[in-house]
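As structure tokens, the structure follows; a few thoughts come after it.
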There are 2 protein chains.
Amino acid sequence: MRLTKAFLPTLKETPAEAQIVSHRLMLRAGLIRQTSAGIYAWLPAGLRVLNNVARIVREEQNRAGAQEILMPTIQSAELWQRSGRYEDYGKEMLRIEDRHGRPMLFGPTNEEMVSDIFRGYVTSYRELPRNLYHVQWKFRDEVRPRFGVMRGREFLMKDAYSFDLTKEGAQHSYRQMFVAYLRTFARMGLKAIPMQADTGPIGGNLSHEFIILAETGESQVFLDRELLDFDPLAQEPDYEGDLSPTVGFWTSRYAATDEKHDETAWGQVPAERQVSARGIEVGHIFYFGTKYSEPMGLRVAGPDGSEVVPEMGSYGIGVSRLVAALIEANHDEAGIKWPDAVAPWRVSILNLKPGDAATDALCDRLHAAMPDQALLDDRPERAGVKFADADLLGCPWQAIIGPRGAASGKVELKRRATGEREEVSLDEALARIQG
Amino acid sequence: MRLTKAFLPTLKETPAEAQIVSHRLMLRAGLIRQTSAGIYAWLPAGLRVLNNVARIVREEQNRAGAQEILMPTIQSAELWQRSGRYEDYGKEMLRIEDRHGRPMLFGPTNEEMVSDIFRGYVTSYRELPRNLYHVQWKFRDEVRPRFGVMRGREFLMKDAYSFDLTKEGAQHSYRQMFVAYLRTFARMGLKAIPMQADTGPIGGNLSHEFIILAETGESQVFLDRELLDFDPLAQEPDYEGDLSPTVGFWTSRYAATDEKHDETAWGQVPAERQVSARGIEVGHIFYFGTKYSEPMGLRVAGPDGSEVVPEMGSYGIGVSRLVAALIEANHDEAGIKWPDAVAPWRVSILNLKPGDAATDALCDRLHAAMPDQALLDDRPERAGVKFADADLLGCPWQAIIGPRGAASGKVELKRRATGEREEVSLDEALARIQG
């Protein structure tokens, strides 16, 4: 993509309404634009990051055996009356009347709907277990939306729903998602720590929040340092096998948010392993038995012919929130430092002298070698403007090309995360960037 | 994907409410499920087709130089009051009040919002032309939703918006989308004919509907046979060059819907070239000058420093509707016949004797060779059930494997569209399927 043809607006001023760094940087780098309070449009660079995040989420859901569907945004109120949650949800639920006066709502979550869909087809234990997920826009009518997409009203969420014949099966499904979440966040370069959580309006008996660590995080968390040393990507999980050892490792070490913090238990963690840090919630998983399957009338014939009410769990990841959380965890004064896996482009090519034939040619060769992963700054702007915009947008690599380097076929390659620079040939640059 | 683990429910009965063939087949094949009147959930097989359709639409938008963004579903009513369309839209617009009593709506289209976003950044002629598109769910509160996703209330649409400095520029942008649309539908195996159209609630001076031909189409159309012989994919378009010859070819031959049909002009088409057929609208493009940019306050500095109000056009494709239209154009008594480019899987593998070691092994080998593009029917069902379900779901190839073939390493390969069958080796089967 060439900047002279792109729609990649950056702002020089820091927008006054933005209170946290991710919100400021997303507005300044032209990733999003607010269209109403707590509602945002995603501009091309922001959408590319959002799509990368969603792709990784999907790949790990699929790997764990979940199947993707897509439920609509608008739901009938009647579904929620059946589960009893229609009143519970209060004013955060966006309630709507259609032209015939029928009560509808913009879905904040989908336990009722997915149970109703499942009930329409599944009649036998042979069709269990199943885990269905979707990635869809939700609405939560926050009284005071703020912090950009970190706490927006319209937000993109991945929500999965598992259906099992037995409690043991449901716990296995829960562990599958537990492990899939660890992998998902690790692939984005994040340290995510599962912490026991309250179940809130979803309900249920067992629940973990996944908290990523970021210096500018929203809340205080406490954890055992051993958890930081575990690499969820070190080995490929066997999702059909016993996942208890992995889950057990995580749940046997101390990790708690401020609200659940227990000074007595904390005191038993050796002092040198006590880590207190800031965190951001990016995922939440629930096991809630038959809380929804029962009222929604879900029944299957068991192996012995008797009726069984399936056991359920639900599993959410805040996809649009993750984009902001990634920035909270990866930025400096100058702007964003995208991890490779989610960056909008792998490289920003800075043409320091558009119009100079050799410089243009070298820039074009690099751009042509990876047209979908390179952003070419070919604007007639000063070098300083280009450096600042490239640091702000935060692609992992910057290829800086001017007449001097072009004369000898050299590219100055800068790693955004560390600031390291080196002069390399075009082929070396490509090899490094494509990693 | 293995059917014993998949969520791919089929229905034996034809649902009574479905009046048209695509609606019946989408319900029976388990592509969609109605969740409220005119609102559908997409089940795994349907979502795969929807994603394939959307991917082709995106690829051709990108090729033509349009850039993807993503605007939210919920809009502020204030935007629409500024353009004067808030009242015009009547009861088809889903109006919403948020918790603070602010009037909002579920966007049926985005001319106002995209103009407002553009206005926030673009100040100079140097930043034109631009074409921004998104693929997002829209809502149109039809009084009597019917025909499944062909005329649903919540539907997925690709809408693009072009911004140009001059009328001539805007007409070039219009021609770019005209050509991109021809290619988009052709890649899906559809014959799409552009026909001059009324502009309706979008307004403007110039407009074409893209109508695909299908025996079971919703409306009568009349066209010159020469249009059927043109292959939009025969050559790569030069989107920067002059597209008038291509557009001129299409607009100089007779093509009209029932409403615009002109018996006098029709009489001048040689009788042997007169084709009257059934059609389905799947796209609509508009050039409307400054109808939105003017009230939305869009202004850029022109080359001479004077203020210019950009010229706009908008360009829609009904992505979810296309899935139904594809079925209207590609089906028989037994079910769907997906064109290769949009099929949920390229091949259905029919294991005629699950549990027979040689049969299972051959099925598994084929499945493992293309795990993402093969659907393996490993259910303990009669062959007849498997044949019927495979024909219903309509993957382009069926690989039928039983003990007799497995003994000699042979696969019976059936082409769904033509019914042709042949016995081939596994390698030949793979080569044919992967085309």
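Remarks
- Residue list for the range B:1-12, filter: part of a loop (DSSP other than H, G, I, E, B), more than 10 Å from every other protein chain (Cβ to nearest Cβ) and either touching a Cys at 6+ places or on another chain (Cβ under 8 Å) or within 23 Å of residue A:161 (Cα to Cα) (or both): B:3
- Residues being surrounded by 14 or more Cβ atoms within 10 Å (Cβ to Cβ), free of Cβ contacts under 8 Å to residues at least 40 places away in the same chain and away from chain A (no Cβ under 13 Å) - total across the range B:82-107: 1
- Odd one out for residue A:133, checked against (1) farther than 25 Å from residue A:307 by Cα; (2) away from every other protein chain (no Cβ under 14 Å): (2)
- In the range B:216-236, residue surrounded by the fewest Cβ atoms within 10 Å (Cβ to Cβ) [restricted to those that are outside any strand (DSSP E or B) and aliphatic (A, V, I, L, M)]: B:234
- Counted residues, the range B:368-423 - those being surrounded by 17 or more Cβ atoms within 10 Å (Cβ to Cβ) and not in a loop (DSSP other than H, G, I, E, B): 23
- Meets criteria (touching a residue at least 60 places away in the same chain (Cβ under 8 Å) and farther than 30 Å from residue B:302 by Cα) for residue B:183: yes
- Residues of the range B:56-74 classified as without any contact (Cβ under 8 Å) to a residue 40 or more places away in the chain, surrounded by fewer than 24 Cβ atoms within 10 Å (Cβ to Cβ) and within 7 Å of chain A (Cβ to nearest Cβ), total: 0
- Filter pass, residue B:15 being within 30 Å of residue B:355 (Cβ to Cβ), surrounded by fewer than 20 Cβ atoms within 10 Å (Cβ to Cβ) and either in contact with a helix residue (DSSP H, G or I) (Cβ under 7 Å, 6 or more places away or on another chain) or within 9 Å of chain A (Cβ to nearest Cβ) (or both): no
- The range A:364-413, residues that are over 30 Å from the mean Cα position of the chain (by Cα), free of Cβ contacts under 8 Å to residues at least 40 places away in the same chain and under 17 Å from residue A:429 (Cβ atoms): A:364, A:368, A:404, A:408, A:410, A:412
- In the range B:136-147, the residue that is nearest to residue B:302 (Cα to Cα) out of those that are surrounded by fewer than 23 Cβ atoms within 10 Å (Cβ to Cβ) and at the interface with chain A (Cβ under 9 Å from one of its Cβ atoms) is B:136.
- Counted residues, the range B:112-130 - those being within 27 Å of residue A:73 (Cα to Cα), more than 9 Å from chain A (Cβ to nearest Cβ) and either assigned to a loop (DSSP other than H, G, I, E, B) or touching a Gly at 6+ places or on another chain (Cβ under 9 Å) (or both): 1
- Filter result for residue A:131 (out of contact with any Ser or Thr (no Cβ under 7 Å at 6 or more places or on another chain) and assigned by TED's automatic domain parsing to the domain that holds residue A:240): no
Quick grid of which residues meet (1) under 20 Å from the mean Cα position of the chain (by Cα); (2) not in a strand (DSSP E or B); (3) not assigned by TED's automatic domain parsing to the domain that holds residue A:68:
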residue: A:238; (1), (2), (3): no, yes, no
residue: A:250; (1), (2), (3): no, yes, no
residue: A:275; (1), (2), (3): no, no, no
residue: A:280; (1), (2), (3): yes, no, no
residue: A:285; (1), (2), (3): yes, no, no
residue: A:303; (1), (2), (3): no, yes, no
residue: A:328; (1), (2), (3): yes, yes, no
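- For the range B:131-143, taking the residues that are in contact with a strand residue (DSSP E or B) (Cβ under 9 Å, 6 or more places away or on another chain) and part of a loop (DSSP other than H, G, I, E, B), the one that is nearest to residue B:62 (Cα to Cα) is identified as B:140.
- Test for residue B:359: is it within 26 Å of residue B:184 (Cα to Cα) and either in a loop (DSSP other than H, G, I, E, B) or not assigned by TED's automatic domain parsing to the domain that holds residue B:121 (or both): no
- Residue in the range B:280-299 that is more than 30 Å from residue B:118 (Cβ to Cβ), surrounded by fewer than 19 Cβ atoms within 10 Å (Cβ to Cβ) and not acidic (Asp, Glu) present: no
- Only one of the numbered conditions (1) more than 8 Å from chain B (Cβ to nearest Cβ); (2) surrounded by fewer than 21 Cβ atoms within 10 Å (Cβ to Cβ) is violated by residue A:53, and that is (2).
- Verdict on residue A:215 being farther than 19 Å from residue A:65 by Cβ and modelled with pLDDT of 95 or more: no
- Residue A:4 among the hydroxyl-bearing types (Ser, Thr, Tyr) and touching a residue at least 60 places away in the same chain (Cβ under 8 Å): yes
- In the range A:114-131, the qualifying residues are those that are closer than 13 Å to residue A:297 by Cβ and of a type in the set (A, V, I, L, M, F, W, C), and the one that is surrounded by the fewest Cβ atoms within 10 Å (Cβ to Cβ) is A:122.
The values are calculated or read from the model by the stated rules, or taken from the named source; none is laboratory data. Here the structure is a predicted model, which means the values were calculated and not measured. Here the Cβ is made from the backbone with ideal geometry for all residues, glycine too, and neighbour counts use every protein chain on show.
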